[in-house]
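Written below as structure tokens is the structure these notes are about.
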Amino acid sequence: MRPKLRLYGMAILVVCALAFLVGTLRSSEDHMNSLPVNKHFGCTLCHVAPNPTVGTDLNSFGKDFQANGLEWNADLAAIDSDGDGFSNGLELGDENGDGTPEVYFERSNPGDPFNYPNSINQETWSIIKSLFED
């Protein structure tokens, strides 16, 4: 009788672990989809690994996102999580943090200090265009 009980206990443990894992992965996907855009960087917006597992470390933006209650808003958009000189909102294409992106692709990763937006901004683009005008 005891081996049956042990087997039954192990089966329950495995089912609970799988339920936890599926819930965690689904939860992470929901959180990622709450960001204004997440097409290019995917999981690395918040995690240090491209294919995170339970317990994978968060990058600086992921830590700030978690500290902000896993909510994208003006407060999170205004800060510069990775210290690269660009706000999270600018990097994710939603500078005011209202959840409506001005662009449909991340400008850069707000959790990677070595990844920053293209240096061609509106002012620079105007200068380049003026060089080719008649």
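Since every read-out is calculated from the coordinates, none of them should be taken as a lab result. Because the structure is predicted, anything quoted here is derived from the model rather than measured. FYI the Cβ positions are ideal-geometry reconstructions off the backbone, even for glycines, and counts take in every protein chain you see.
Going from the residue with the fewest nearby Cβ atoms within 10 Å to the one with the most, Ile128, Ile79 rank Ile128, Ile79.
What is the gain in length, in nm to one decimal, between Asn51 and Asp75 on full extension, counting 0.36 nm per residue of separation less the C-alpha to C-alpha distance? Intermediate results must be reported in sequence, preceding the final value.
On the way: separation 24, 0.36 × 24 = 8.64 nm, distance 2.76 nm.
Full-extension gain reported as 5.9 nm.
Projected label points at Lys39 and Asn68, each 7 Å from Cα along the beta carbon direction, are separated by 2.1 nanometres. When the alpha carbon gyration tensor of region 50-132 is reduced to an equivalent ellipsoid, the three semi-axes, largest first, read 28, 14, 11 Å.
Cβ-to-Cβ counts within 10 Å put Glu106, Glu95 in ascending order as Glu95, Glu106, the fewest first. The label point for Phe105 and the one for Ile128, both projected 7 Å from the Cα toward the Cβ, are 1.4 nm apart.
Counted by neighbouring Cβ atoms within 10 Å, the residues Phe114, Phe41 run from fewest to most as Phe114, Phe41.
All C-alpha pair distances within region 46-98, sorted into 10 Å bins from zero, spread as 27, 52, 21, 1 percent across the bins.
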